[in-house]
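No value in this document is a laboratory result; all are computed from the given coordinates. These numbers come from a predicted model, not from an experiment. As a convention, Cβ positions derive from the backbone with ideal geometry for all residues, glycine included, and neighbour counts pool all protein chains shown.
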Amino acid sequence: MPTPILEKTPLIPGKTSKLVLQAPEIARHAHPGHFVMLRMRPTGERIPLTIADTDAEKGTITIVYLVLGKSTAELECLNAGDSILDVCGPLGHPTHIEKRGTVICVGGGTGIAAMHHIAKGHKRIGNKVVGVIGARSKDLLLFEDELRSFADELLISTDDGSYGHKGLVTDLLRDRLEKDKDVFEVVAVGPVPMMAAVADTTRPFNVKTTVSLNPIMVDGIGMCGACRVTVGGKTRFACVDGPEFDGHAVDFAELRRRLGAFREQEKISLDTFRSAHGN
Ligand SMILES: Cc1cc2nc3c(=O)[nH]c(=O)nc-3n(C[C@H](O)[C@H](O)[C@H](O)COP(=O)(O)OP(=O)(O)OC[C@H]3O[C@@H](n4cnc5c(N)ncnc54)[C@H](O)[C@@H]3O)c2cc1C
Ligand code: FES
């Protein structure tokens, strides 16, 4: 069923936008960690996007996306008042959230939006939430105000030093883990190299580390095998077994290889789309 777009907010013009969708059934059943599969055209591919927020009373869900290839470029062409052909969800397992103490939630790039929903879930249940977010520069930092509104602490890094600590989120994370021995879990959502670096950082501290994996997905319901990842030496399907896994057991090198498997075809597809649309 077509899903109306109620609001569109460009967060980084032309690159990243936030959409609020009218999806009452999904809003009623969604929890932090869930994702949806979207399709823009009858012959289009389905793409997975994390539910970054919900409002069950208003019947809305929020998604935030980075324009990378053809499908996200098509999505970026839609505006408030338009509809997305179909939005299926909530999919995947929700984040395991229990009251335990202090949790550090790390987000990078567009992953900050997804991490924000997980962090909110931890806060709601009574955990102390330390947010750690990073971007290449200040203008690429997302969801700072939203996180500030509920996080107990928010640590910020930028690669170029234009805001907060000059360096990587893992510098801030290592520093925090050295000072605070009571952290029961670290959650990381962001680019694959960032999640791999977070897992490497937490390993010597022996802190449970949960990462949200983003392999290429086709159906999102466990039928096609596209989202295969290796965790602890075992094959798992991110759409039905995840998308969250133990970061210390994930084969990140394989995930990175598999994400690049169709790069040439994806480039042709985006170039063809852009030349047909004159952008
Ligand atoms: C469970 C899950 C949740 C996700 N949540 C979000 C989200 O909230 N916001 C968001 O912006 N993105 C999210 N992603 C990634 C998003 O699905 C992809 O960026 C999107 O499918 C790319 O489609 P495309 O046709 O625009 O680009 P494509 O033409 O398919 O790809 C363009 C480039 O992006 C890379 N790419 C393709 N698929 C992925 C992927 N799954 N992850 C990372 N890089 C990819 C390709 O290697 C290529 O370099 C999520 C992925 C998963 C599996
Ligand atoms: S996307 Fe098809 S099995 Fe996961």
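Any chance you could list the semi-axes, whole Å, largest first, of the equivalent ellipsoid that the Cα gyration tensor gives for segment 199-247, using √(5λ)?
24, 9, 8
With a ≥ b ≥ c taken as the square roots of the eigenvalues of the C-alpha gyration tensor of segment 54-202, please select rounded if a/c is under 1.5 and otherwise prolate if a/b is larger than b/c or oblate if it is not?
It comes out oblate by the Cα gyration axes.
How tilted is helix 263-277 with respect to the longest principal axis of the chain? Cα atoms for both, answer in degrees (0 to 90, nearest 10).
50 degrees
Between Arg203 and Lys99, how high is the FRET efficiency from 1/(1 + (r/R0)^6) when r is the Cβ-Cβ distance and R₀ = 30 Å? Nearest 0.05. Intermediate results must be reported in sequence, preceding the final value.
Values: r = 25 Å, r/R0 = 0.84.
It comes to 0.75.
What are the residues whose amide H is under 5 Å from the amide H of Val250, where those residues sit 5 or more places off or on another chain and H is modelled from the backbone?
The list, which skips near neighbours in sequence, is Gly232.
Once amide H atoms are placed 1.01 Å from N in the peptide plane, what residues at a sequence separation of 5 or more from Cys224, or on another chain, have their amide H within under 5 Å of its amide H?
Correct list: Asp219.
Ranking Asp171, Asp246, Asp53 by Cβ neighbours within 10 Å, fewest first, what do you get? Could the numbers behind the result be given before it?
On the way: Asp171 16, Asp246 13, Asp53 21.
In increasing order of surrounding Cβ atoms, one gets Asp246, Asp171, Asp53.
How big is the C-alpha Rg of segment 117-166 next to the rule-of-thumb value 2.2 N^0.38 Å, as a ratio?
This ratio for segment 117-166 stands at 1.19.
Could you work out the mean projected area of the convex hull around the alpha carbons of segment 28-116, in square nanometres to one decimal?
One quarter of the hull surface, i.e. the mean projection, equals 6.9 nm².
If you consider only alpha-carbon coordinates, what radius of gyration and Dmax does segment 123-201 have, in Å?
In Å, with Rg to one decimal and Dmax whole: 12.4, 35.
Step by step: find N for segment 158-235, compute 2.2 N^0.38 Å, then divide the Cα radius of gyration by it. What's the final number? Spell out each step's value before the answer.
Values: Rg = 15.5 Å, N = 78, 2.2 N^0.38 = 11.5 Å.
Scaled against compact globular proteins, the figure is 1.35.
Go through segment 34-47 residue by residue and turn each phi into a ³J(HN,Hα) via Karplus (6.51, -1.76, 1.60, θ = phi - 60°); whole Hz please, and just put x for glycine and proline.
3J(HN,Hα) across segment 34-47, in whole Hz: 6, 10, 10, 10, 10, 9, 8, 9, x, 9, x, 7, 9, 10.
Fewest to most neighbouring Cβ within 10 Å: what's the order for Cys77, Cys227, Cys105?
Working: Cys77 12, Cys227 26, Cys105 29.
Listed from fewest to most nearby Cβ atoms, that is Cys77, Cys227, Cys105.
What length, rounded to one decimal in nm, is gained on full extension from Arg136 through to Ser275, with 0.36 nm per residue of separation minus their alpha-carbon distance?
47.1 nm
If R0 is 30 Å, what FRET efficiency do you get for Gln265 and Val240 from their C-beta distance, rounded to 0.05?
0.75
Stokes-Einstein diffusion coefficient for the chain at 20 °C in a medium of 1.002 mPa s, Rh from the Kirkwood formula over Cα pairs: what value in µm²/s?
Reported coefficient: 112 µm²/s.
How about segment 154-249: which trypsin sites (Lys or Arg not before Pro) there lie in a loop by DSSP and see at most 16 other Cβ atoms within 10 Å?
Answer by residue number: Lys181.
Under the Karplus relation 6.51 cos²θ - 1.76 cosθ + 1.60, θ = phi - 60°, what is the ordered set of whole-Hz ³J(HN,Hα) values for segment 183-197, x standing for Gly and Pro?
Values per residue, Gly and Pro as x: 6, 8, 7, 10, 10, 10, 9, x, x, 3, x, 5, 5, 5, 5 Hz.
Could you give the length gained on full extension between Lys181 and Lys15, defined as 0.36 nm per residue of separation minus the Cα-Cα distance, in nm?
55.9 nm
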